[in-house]
Structure formats: C-alpha cells, structure tokens
C-alpha cells in the first residue's frame, strides 16, 4: 500500500488530539483521584505515618507486623467465611427470583422495580435495620419464627450467628443481580427448551442441562463481582457493631478485614500499617479472581463454542 498522504496524516493527528481532548477530563480525574492515591498508598505501606507527622520510611516493618498480628488472621478468616456464605446465597436467591419473574408475564415490570428499590437504600440504614430486624429478643425475624413455633437465635449477640445474619440481611439489596439474571434468562433461545420438552426432559433437566449453561457467563460475572464485594464488605457490619466504638465478643465475629483496615487508619491513625493491609487485600482479591477465571474455562459456556 502507498504511504498515507500528508493531508491524511494531519487529519489522523487531529482526530487523535480531538479524542484525547474529549477523554482528558476522565484521564485527569483518574490520575488525581485513582492512580495517585494507589501509588501513594504503596509508598505509605513502607512508612510509619499517622496522618499528621511526616512519613518515616520503615522498610518492610509494616508487612512483618501484619504477619504477626493475630487480628489480621481473625479478620481475614471472618471475611472468607462471610464471602463463602454470601456469594452462593446471593446468586442462588437472585436466580430463583429471576426465574419466577420470567414467568410473571405483564406484572414482571412491577416486580422488577419492586426487587430493585431496596438497592437504593443507604448502606448505613441497612446496618441499623439489621439491628432492628434481627434483635434476638423482640426483632421482627424472631417474632415471625416464633409465630410458627421456632425459637430464633440471638443474631446480633451470638458470634455463631452474626455472619449468617449479615448474609441474610445482604439479600435486602439483591435487586441488581435479579435484573442481570433475568436479562440472561430472556436471552436463552426458547427453541432449546421446547425441543427438550418434546424429548421428555423435565423442569430440573431443562434447568441444569440448558438454562444454567446458557446463562453461565452472567453467573460467572456475578460470582466475580460478589466475591470482590464480599471481601470489601464494610458499611453494614461497621454500623451495626462498631459505630459506637464497640469491641465486644460479638463484634469480633463481625470484624471483617476492611473494618480492621479502617480502624487502623482512622481510629488508631496507623496510616502506614493500614496501607500495607490494603495492599495485602488487593493481592488476595487478585489471586482469588485469577483462580475464578481459571476455573471458569471449564464451567462457563460462550456462544460459538469458545470458553
């Protein structure tokens, strides 16, 4: 091919400059509010910094302290348990609701809006609502269980029930997952289920052999996103158990990793140590997400036969 003319090169440069001009507000915002804080937090993780005095370089001292800190292990274990409960329950309930919505007919729009509205509730309000609904003595959940002869547990004071209670409360904001799965279900070719029905497949076989494989990309997306959200859970648990400076035995069961990170940074002013905690969390999430992508190659189906 002949080389482009000078006029074409000038036009290409103008187009490039115009494109950079249009995206420059985002680039500037990203550099100032994302890239710079990320880089600076990495620097702080190697310092002793209280937010007031000048940062003092300490090498890997913060990371060595992190290995020896028992509350790091406790908070990470709490976070792993919560995430292991949160992800399958969140996706499972959302899938059931989406399948019901698919059969709702003309009323689907109303129920879709109804399911999504709780997502708009502020997270702090959800934390307060948790204390009201799951109160072990006179909470609405235990009163409902008592009406059918079941003695409800002490959700907010029994360490064994703190994390399951928070998982149940998280289902309050399940609406976005329902909408995503409903859209995926509506894209499943109807002729596949009709052919399976003609061949004698029951509902369970159609769901496990056709529906779930066809919506597996959406399920995988929700698994990744909810795993990251589970590792970063903070507001509801902090509002319910640490908002008033609590540090009792039941709050230890709700001491998630990000809560411990936040307290080190903004209650104890160990900014350098908190930065080290943040980078360890980043590495954990990156490793878990990488494992999910590797596993997805065997489980996720994409149209065209690519995995």
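Worth pointing out:
- Conditions (1) more than 19 Å from the chain's Cα centre (by Cα); (2) crowded, with 16+ Cβ neighbours inside 10 Å: number failed by residue 294: (2)
- The criterion of at least 2 residues that are surrounded by fewer than 20 Cβ atoms within 10 Å (Cβ to Cβ) is met, among helices (runs of 4 or more DSSP H) falling completely within the range 182-272, by 190-198, 203-206, 216-231, 249-253, 257-266.
- Residue, surrounded by the fewest Cβ atoms within 10 Å (Cβ to Cβ), within the range 141-160, restricted to residues that are within 27 Å of the chain's Cα centre (by Cα) and under 20 Å from residue 129 (Cβ atoms): 158
- Residue identified as in a helix (DSSP H, G or I) and either in the same structural domain as residue 264 (by TED's automatic domain parsing) or modelled with pLDDT of 95 or more (or both) among 15, 78: 78
- Residues within the range 52-72 that are surrounded by 13 or more Cβ atoms within 10 Å (Cβ to Cβ) and either outside any helix (DSSP H, G or I) or free of Cβ contacts under 8 Å to residues at least 40 places away in the same chain (or both), tallied: 4
- Close pairs from the range 92-112: first exposed (fewer than 13 other Cβ atoms within 10 Å of the Cβ), partner outside any helix (DSSP H, G or I), Cβ under 9 Å, at least 6 apart: 110/104
The values are calculated or read from the model by the stated rules, or taken from the named source; none is laboratory data. All values reported here derive from a predicted model rather than from experimental measurement. All Cβ positions, even for glycine, are placed from backbone atoms using ideal geometry, and neighbour counts span all protein chains on display.
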